[in-house]
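See structure below.
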Amino acid sequence: MKILVINCGSSSVKYKLFDVADGDGAAVPHTPAAGVLERVGGDAVLHHTAGEATDDRRVDAPDHRAAIGAVLDALVHGDGAVLDRLDTIDGVGHRVVHGGEDVTDASVADDALREIIRRNASLAPLHNPPNLDGIDAAREALPEACHVAVFDTAFLTTLPPKAYRYAVPERWYREHHVRKYGFHGTSHRYVTLRTAELLSKPVAETNLITCHLGNGCSMTAVAGGKAVDHSMGMTPLDGLVMGTRSGTLDPAVVLYMLSRGLDREAVGRALNAESGLLALSGRSNDMRDLLAARDDGDERAALAVEAFIYRVVKYVGAYHLALRSVDAVVLTGGIGENSIPARRGIVDGLAPLGAVLDADRNASLAGSAGAITTAASSLSVWVVPTDEEFMIARDTARFVSGRQRENR
Ligand code: AMP
């Protein structure tokens, strides 16, 4: 079964073609081709890889429809071609950021779902419209394929009201839908399923604190395989210190800065694109640069790293109490999967909860899964690489199998 996963951003289209051996996604698929088309609407360039072959080409992509056309073309023509015909694609999995309160699972991207995505666009104005463009373009180009939308918010729809409601006037919630939604749900779900597998426990009996630490960062408290609390909020700005996002701050800071003469746009830009590690360090949003600068004696870089780790540790403390018992703290994302010093800092910060670092395992794990705490540690910390595209492919395969069974 061939499944194409598409992640359509405002000016880019990322994609990965999966060959899922088993309809239920039980077998690990190999990935014959993947790539990214950048600068949709401008000087568009497609970077396409298929096995050893790479195909970088300038393409004419004034809009998402043309961009999807160029991606499909690369799959059947040129150096990286892996398909004889486009109609061999059985399913297309679309990453969609915001399903609001309406969508609790992956769903067939039909007209009704399209309307739900459109309705929730006010909550994700930068993401849902291009996601929708991608769905429209792919449905038009591949009318026979089964199109499935997989939502970033879906895994987090199990949060209880005490976790998702803000203590603000009721009508803000009723009329304006102001509440915590949470994001990175596909990643948190993937590492939850994978960690339960690694721990040889039924997922319904597994309690985890999953930490997606990349350029964007979020944490989820998972009880019995279901999300019960989460660090991002109504938008992805809340919670942890991120690459360029502030994370949690006193909301009155926004009012204060507006009163100091900044307009709404400038405050929004500052909190989303000029804050986080970049602001604290004054030099970079990349953890690698900051660790190197810290080791060279840069005090602002040291503060940025310290504040990042402190915020993660603080959330683990809170979620540990919420869960009562924790099978593992799970680190994933670019920093969680790769940064030996950041992981060391987090485990050291969790020493009061009984975490003891296994320095050799921490140093040896890159791109693979395993515990980085000792066997004697009463709190286990694991590194588990995430794979959102695989999760989307697996969800899509589920629907394709269902359709194939119906047609039999
Ligand atoms: P992501 O958003 O998950 O792709 O993560 C991107 C971030 O991961 C980068 O901005 C870096 O801060 C971080 N990162 C990636 N590789 C490393 C590494 N080897 N050491 C430290 N940080 C890393």
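Here are a few things to note about the model shown:
- Shape analysis of region 263-348 yields a ratio of the Cα radius of gyration to the Kirkwood radius, Rg/Rh, of 1.04.
- Counting every other Cβ atom within 10 Å of each residue's Cβ, Asp111, Asp286, Asp229 order from fewest to most as Asp111, Asp286, Asp229.
- Neighbourhood charge, 14 Å Cβ-Cβ cut-off, centred on Arg118 and excluding it, Lys, Arg +1 and Asp, Glu -1: -4
- Residues Phe390, Phe151, Phe308 arranged by fewest to most Cβ contacts within 10 Å: Phe390, Phe308, Phe151
- Mean separation of Cα contacts under 8 Å (6+ apart) over length of region 215-278, as relative contact order %: 30
- Grouping the Cα pair distances of the chain into 20 Å bins from zero gives a pair-distance distribution of 25, 58, 17, 0 percent in increasing distance order.
- Put a dot 7 Å past the Cα of Asp289, heading toward its Cβ, do the same for Thr374, and the two dots end up 3.8 nm apart.
- Volume of the convex hull of region 200-253 (Cα atoms only), normalised per residue: 78 Å³.
- Across region 329-393, the mean sequence separation of Cα contacts (distance under 8 Å, 6 or more residues apart), normalised by length, yields a relative contact order of 37 percent.
- Sorted by Cβ density within 10 Å, fewest first, the residues Thr210, Thr88, Thr244, Thr192: Thr88, Thr244, Thr192, Thr210
- Helix-only CD estimate at 222 nm, as mean residue ellipticity for the chain, using -39500 (n - 2.57) per DSSP H run (n ≥ 4): -12000 deg cm²/dmol
- For region 367-408: relative contact order, % (alpha-carbon pairs under 8 angstrom, 6 or more apart): 28
- Region 172-331: translational diffusion in µm²/s, Stokes-Einstein, Kirkwood Rh over Cα pairs, 37 °C, 0.692 mPa s: 194
- Where labels lie 7 Å past Cα in the beta-carbon direction, separation of Arg403 and Arg85 in nm: 1.6
- Assigned charges on the beta-carbon of Lys, Arg, Asp, Glu; the chain dipole about Cα centre (debye): 1220
Here, each number is a calculation from the coordinates, and none is a lab measurement. A quick note: this is a predicted structure, and the numbers were derived from the prediction, not measured. Counting neighbours? That spans all protein chains shown, and the Cβs are built from the backbone with ideal geometry, glycine included.
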